[in-house]
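The values are calculated or read from the model by the stated rules, or taken from the named source; none is laboratory data. Predicted model, so just to flag it, every value in this text is computed and none were measured. Neighbour counts run over all protein chains shown; Cβ positions are idealised from the backbone, glycine included.
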Amino acid sequence: MTEINANVAVVICNWNKKEYVINCIKSVLDQDYREIDIFVVDNASADGSPEAVEKEFGCRVRLLVNAENLGGSGGFNTGIREALKGDYSYIWLLDNDVVVDKSALGELVTFMEANENAGMAGSKLYFMTQPGLVQEFGAWIDWDRAHVKPNKKYYSEAKDGVLTGIAEVDYVPACSVLVRADAIRQCGLMDETNFIYWDDMEWGFRFNRHGYKVYAVASSRVWHNMGTANKKNLLPTYYFWRNRIRFFKKYGDRDVLNTLINDLFTALFTCRVFDKDNTYNILMKAMIDGFNDTGGPVSLEPGRDISVDVPKDYLTSCSEEEKSRLEYKKVGHVILDAMKADKNNRRLIYTDNYNNVLPADLANSFLKEHEEEKERFINENRERFYG
């Protein structure tokens, strides 16, 4: 068997997660595959991350400190630009809150070396807090729903037989992805105007359009620390919706935009019904900015509260038996949960994403108002939507 000695630049993007990034670097240094140089990009952290990294690892890593927070895409691009100056065959992007298996990189390099058509290959992601539970294994762009379609989610390791081997997908998350350096030179860097969210999705889509394949490799395992706070920061909601709109406005057709607008207004009116003013305002701003193709970091009015109280993620608190019994059907942003139905007549109960119950009469009124308001808004902003 031919020995593989391709040089790899490891780029880790960090912002205010000192302990996480140190653990991430330690796991990278423990890799079986040794042909690596590590670049740590710090996005102007205020928690002492750069000093801690330098003290802990010294010359074993190259520390690149941005003067301001450039987001995930901008941070990664800082490292990618530096790595492209060197003689590296591949660049391995890692989020700061992952810990990688000893063979994670070796598995990715071996696959890429054997598949010249592969532009990027991602790892199988597990939850750090539930090490046997798969978070993501690549995903597809769902053009019918103007959304993304994960390649199976929340499978326990015991039921993981369908997630072995290799999956050809539309994109893999930048939590752990090995990218061919020459492919980056042809396809370009990540889109920094996204700041966070949809940057890796757009990148994978762009690679596919240039003729490169995107794969998820099950034998490369990585654990991702997502956290389960009871406070939900609404900035990620803004970025996800804004960049989702920008993506489908750029690459989709009129039918896709109609689907997206319907989904957005369903979310807006769910917020209105339940008096979630902060979420409603954030979604409205995301919609306006998205259709105006406004990118970069968002600027909010001083003092605006961008957090809401939400219950813990249900998946982290229910038992394994309950997980296997749950079957959710999503309708826009309203969930029909059969397990909450009356067991005698199987009456479905409408709930929102925070498990607030929406009575049937109110739901019908909400849906009627939603359709009327949506049509008015589309007619008033037709050029912005479809221009």
Item to check | Meets criteria (crowded, with 20+ Cβ neighbours inside 10 Å and either in contact (Cβ under 8 Å) with a residue 12 or more places away in the chain or out of contact with any Pro (no Cβ under 7 Å at 6 or more places or on another chain) (or both)) for residue 27 | outcome: no
Item to check | The lone exception for residue 309 - which of (1) modelled with pLDDT under 75; (2) under 24 Å from residue 72 (Cβ atoms) it fails | outcome: (2)
Checklist entry - When only residues in the range 42-67 that are touching a residue at least 12 places away in the same chain (Cβ under 8 Å) and among the small types (Gly, Ala, Ser) count, which is nearest to residue 21 (Cα to Cα)? => result 49
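Out of everything in the range 1-24 that is in contact (Cβ under 8 Å) with a residue 40 or more places away in the chain and either in a helix (DSSP H, G or I) or closer than 13 Å to residue 99 by Cα (or both), what residue ends up being nearest to the chain's Cα centre (by Cα)? Break it down stepwise before answering.
Here is the first cut: in the range 1-24, the ones in contact (Cβ under 8 Å) with a residue 40 or more places away in the chain are 4, 6-15, 17, 20-21, 23-24.
Adding the requirement that they be either in a helix (DSSP H, G or I) or closer than 13 Å to residue 99 by Cα (or both) leaves 12, 20-21, 23-24.
Details: 12: 16, 20: 18, 21: 18, 23: 21, 24: 18 Å.
Result: 12.
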Item to check | In the range 90-120, residue surrounded by the fewest Cβ atoms within 10 Å (Cβ to Cβ) [restricted to those that are farther than 22 Å from residue 40 by Cβ and touching a helix residue (DSSP H, G or I) at 6+ places or on another chain (Cβ under 8 Å)] | outcome: 118
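Within the range 169-212, restricting attention to residues that are assigned to a helix (DSSP H, G or I) and touching a Cys at 6+ places or on another chain (Cβ under 7 Å), which residue is surrounded by the most Cβ atoms within 10 Å (Cβ to Cβ)? Let's see the steps before the verdict.
First, pick out the residues of the range 169-212 that are assigned to a helix (DSSP H, G or I): 181-187, 192-194, 199-209.
Now drop any that are not touching a Cys at 6+ places or on another chain (Cβ under 7 Å), which leaves 206-207.
On the way: 206: 17, 207: 24.
Looking at residues that are assigned to a helix (DSSP H, G or I) and touching a Cys at 6+ places or on another chain (Cβ under 7 Å), I get 207.
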Item to check | Test: residue in the range 213-236 that is assigned to a helix (DSSP H, G or I), under 19 Å from the mean Cα position of the chain (by Cα) and either within 23 Å of residue 70 (Cβ to Cβ) or at pLDDT 90 or above (or both) | outcome: yes
